[in-house]
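Colleague: Input: one structure, supplied below.
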Amino acid sequence: MHPYEAELLAHRLSLNHRTMCCAESCTGGLIGAAMTDMSGSSEYFLGSAVTYSNEAKVKLLGVREQTLIDHGAVSEETAREMALGAAKLYGADYSVAVTGIAGPGGATDTKPVGLVYIAVSDGSRVVVSKNNFEGGRQQVRESTVKEACGLLKDFIEGIL
């Protein structure tokens, strides 16, 4: 089931005759699934790169290896490069990228479970949001999808 935020985003994209794409890590394709759950999604949705590994982030999205070394996969800098790389890869008007720790493992003292960076871009400008979602793995992933769709909608509308 797609969240209400995905419906609002789809409506905004369709209304403006614009396209979007995704670069997903911790959501594993859930944003793409939410956006394509609606009829007519081929008008605005170009694709989603599920780049779970660092190697995929580098090879598919052009994330710099030095960024991953210096800041880690779960960072503002990586999310920013993922969003720019996805927009370039797909040639979309807008992109959204997510990278985070859904849990239950993978956390560190400085990067707890629920930490998710969401980046939205128009191919040149990028806005990154740092989030600390509550709950278990599925709840973190679902919260990320909702927030990512809402963030991109606000970006498109000029609120961000």
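The values are calculated or read from the model by the stated rules, or taken from the named source; none is laboratory data. Just so it is clear, the structure is predicted and the values come from calculations on it, not from any experiment. So basically every Cβ, Gly included, is an ideal-geometry build from the backbone, and we count neighbours across all protein chains shown.
Yes/no matrix, rows are residues, columns are (1) among the acidic types (Asp, Glu); (2) in contact with a Ser or Thr (Cβ under 7 Å, 6 or more places away or on another chain):
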site: 82; (1), (2): no, yes
site: 98; (1), (2): no, yes
site: 109; (1), (2): yes, no
site: 112; (1), (2): no, no
site: 123; (1), (2): no, no
site: 150; (1), (2): no, no
site: 155; (1), (2): no, no
site: 158; (1), (2): no, no
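Colleague: Are there any pairs with C-beta distances below 8 angstrom linking a residue in region 99-110 that is closer than 17 Å to residue 78 by Cα to a residue that is loosely packed, with under 11 Cβ neighbours inside 10 Å, with the two at least 6 apart or on different chains, and if so which?
Modeller: Taking only residues 6 or more apart or on different chains, not a single pair turns up.
Colleague: Just one of the numbered conditions (1) surrounded by fewer than 16 Cβ atoms within 10 Å (Cβ to Cβ); (2) over 21 Å from residue 139 (Cα atoms); (3) at pLDDT 95 or above is not true of residue 39; which one?
Modeller: Tallying (1) surrounded by fewer than 16 Cβ atoms within 10 Å (Cβ to Cβ); (2) over 21 Å from residue 139 (Cα atoms); (3) at pLDDT 95 or above, residue 39 fails exactly one: (3).
Colleague: Is it the case that some residue within region 62-80 is surrounded by 22 or more Cβ atoms within 10 Å (Cβ to Cβ), among the acidic types (Asp, Glu), in a helix (DSSP H, G or I) and within 13 Å of the chain's Cα centre (by Cα)?
Modeller: no
Colleague: Could you list, in sequence order, all residues of region 114-153 that are surrounded by fewer than 20 Cβ atoms within 10 Å (Cβ to Cβ) and either more than 14 Å from the chain's Cα centre (by Cα) or part of a loop (DSSP other than H, G, I, E, B) (or both)?
Modeller: Correct list: 122, 123, 124, 125, 132, 134, 135, 136, 137, 138, 139.
Colleague: If you don't mind, another one. All but one of (1) part of a helix (DSSP H, G or I); (2) over 18 Å from residue 128 (Cα atoms); (3) touching a helix residue (DSSP H, G or I) at 6+ places or on another chain (Cβ under 7 Å) hold for residue 11, so report the exception by its number.
Modeller: Only one criterion in (1) part of a helix (DSSP H, G or I); (2) over 18 Å from residue 128 (Cα atoms); (3) touching a helix residue (DSSP H, G or I) at 6+ places or on another chain (Cβ under 7 Å) is unmet by residue 11, namely (3).
Colleague: Being under 17 Å from residue 122 (Cβ atoms) and either among the basic types (Lys, Arg) or surrounded by fewer than 24 Cβ atoms within 10 Å (Cβ to Cβ) (or both) is the filter here; which residues of region 15-36 pass it?
Modeller: 15, 16, 17, 18, 19
To keep it simple, each residue is scored yes or no on (1) part of a strand (DSSP E or B); (2) at pLDDT 95 or above; (3) more than 13 Å from the chain's Cα centre (by Cα); (4) not small (Gly, Ala, Ser).
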position: 23; (1), (2), (3), (4): yes, yes, no, no
position: 35; (1), (2), (3), (4): no, yes, no, yes
position: 46; (1), (2), (3), (4): yes, yes, yes, yes
position: 60; (1), (2), (3), (4): no, yes, yes, yes
position: 83; (1), (2), (3), (4): no, yes, no, no
position: 104; (1), (2), (3), (4): no, no, yes, yes
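Colleague: Still on this structure: List every residue pair whose Cβ atoms lie under 7 Å apart, where the two residues are 6 or more positions apart in sequence or sit on different chains, the first residue falls within region 58-86 and is on the phi < 0 side of the Ramachandran plot, and the second residue, located anywhere, is among the aromatic types (Phe, Trp, Tyr).
Modeller: From region 58-86, the pairs are 74/117; 75/117; 76/117; 79/117.
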